[in-house]
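The values are calculated or read from the model by the stated rules, or taken from the named source; none is laboratory data. Here the structure is a predicted model, which is why all the values come from computation and not from measurement. Cβ: placed from backbone, ideal geometry, glycine included. Neighbour counts: every protein chain shown. The protein model used for the area step is the full one, side chains on, heavy atoms only, and it has no ligands, DNA or RNA in it. Shrake-Rupley method; radii C 1.70, N 1.55, O 1.52, S 1.80 Å.
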Amino acid sequence: MSKVLKKPEVLAPAGNLEKLKIAIRYGADAVYIGGQAFGLRSRAGNFSFDEMKEGIAFAHERNAKVYVAANMVAHAGDTEGAGEFFRTLRDIGIDAVIVSDPALISICFQDAPGLPVHLSTQASATNYKTLEFWKKQGLERVVLAREVSMQEIQEIGEKTDVEMEAFIHGAMCISYSGRCTLSNHMANRDANRGGCAQSCRWKYDLFEIDNGVSKNLVDTDEEPFSMSAVDLSMIKYIPDMVDAGVDSLKIEGRMKSIHYVSTVASVYRRAVDAYCADPENYEFDPAWEEELWKVAQRELSTGFFYKEPTEDEQLFGKTRKIPQYAFAAQVLEYDAETKIATLQQRNNFGVGEEIEFYGPGDTGFKQVVEVLWNEDGEEIDRAPNAMMMIKMPVDRPVKPFYFMRKKKYNLMLQ
């Protein structure tokens, strides 16, 4: 008899309302967003309450959930207005709020009873007794610290019934649980209050000073180094995450594009569905990883899940080239009789280029652009203008909200 598995939630980032809708269309069970206060992504397209209402309605109609990240570290005066903020989130139908600061957690429970609270990864929950502590405080879910190993997750899952959420894909902070002050000192922007300048991603030279003489230790033929980590990808290890009892698989990237969000959410949706439907006969599909490389910015690793990271998980030495793809257009309409699609341009492309279509639940197909027409029906060689409407014949049926991308160039991963 096949074992019955609890299917984990695929949780996607949504930096704005468009990304929220795309993430859910492409398979996310839930999205996490930022409000206009108390979060850690001040430069993301954070949501107004009216935008939240529209996003909640869209999500709930499709049996998806919306969480709000309010995970800043509060300094004196930062908690002002928090009670009203949390009450409003509760009243407009937000499904949970993600918090790290105990003061904000206390305010939420006191001023917005009924609003579920999830503990942010910034709070560094690394063992089951910590989860039990937060359970006693009233929290129902904990986002595990990124430093937790797979073995530790298995132990936590065996010894507590608190819901576990874990990051499975995206950028990793070089600092422990994201608590970094490089940005504070180098750019006067507080990383733990929403202003991270990503100083670890900057390029640096390394100098040694001997008797007042400065010597550059970086070979002139090499690129300057950064202090940052490679990115996380657990696509090959979804069975381990499910079997360990992880309730929510979290994708990083509220500031990433809809090309990224749609691709990553769709890939993890397919992997989770495939394993949970038939775990005994599950096989990893290499095409899933190939898809993820199309939106990759850096090398990929499994972080802390299976070993202590070394210099191999940091951006040292030569990096390899991979093809980078540009989001070229979005499908608006498709005429089944003429096999002509109406598209909205998002990046310059033209006749003779190979492009690729993909959609929710569809791995996509490639073809060459043979002819283009503008919205006046005139034949054109290129679609150069942002958001312009164009028509073109397509080799296979497509649907609204399918995307078209093209290979841009080989990117040297940084």
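Worth a mention:
- Accessible area expressed per residue, the chain, with surrounding protein chains retained (probe 1.4 Å, Å²): 47
- Accessible surface of residue 334, taken over heavy atoms with a 1.4 Å probe and every protein chain present, rounds to 60 Å².
- By average C-beta atoms within 10 angstrom, highest first, the peptides 171-182, 26-37, 373-384: 26-37, 171-182, 373-384
- The chain - percent of accessible surface contributed by carbon and sulfur, probe 1.4 Å: 47
- Cross-link partners for residue 399 among the lysines, with Cα-Cα distance under 19 Å and sequence neighbours closer than 8 places in the same chain left out: 19, 21, 339, 366, 391.
- Averaged over residues, the count of other Cβ atoms within 10 Å places the peptides 183-189, 66-72, 140-146 in the sequence 66-72, 140-146, 183-189, highest first.
- Placing +1 on each Lys and Arg Cβ and -1 on each Asp and Glu Cβ, with no other charges, gives the chain a dipole about its Cα centre of roughly 460 debye.
- Burial order of peptide ranges 54-63, 233-242 (average beta-carbon count within 10 Å, highest first): 233-242, 54-63
- Here the sum of -39500 (n - 2.57) over DSSP H runs of 4 or more residues, divided by the residues of the chain, equals -7500 deg cm²/dmol at 222 nm, to the nearest 500.
- Each Lys and Arg Cβ is given +1 and each Asp and Glu Cβ -1; about its Cα centre, region 325-378 then shows a dipole of about 240 debye.
- Per DSSP, loop GluC sites (Glu not before Pro) in region 212-302 with at most 15 further Cβ within 10 Å: 222, 283
- Of all aspartates and glutamates in the structure, those lying under 15 Å Cα to Cα from residue 53, and not within fewer than 8 positions of it along the same chain, are 18, 61, 91, 95.
- Prolate/oblate/rounded label for region 321-392 (Cα gyration tensor, a/c 1.5): oblate
- For residue 407, the aspartates and glutamates whose Cα falls under 14 Å of its own Cα, not counting residues fewer than eight places away in the same chain, are 290, 291, 353, 354, 356.
- Solvent exposure ordering (accessible area, 1.4 Å, most first) of 394, 73: 73, 394
- Checking every one of the trypsin sites (Lys or Arg not before Pro) in region 279-368 against DSSP loop status and a limit of 14 other Cβ atoms within 10 Å picks out 307, 318, 320, 339.
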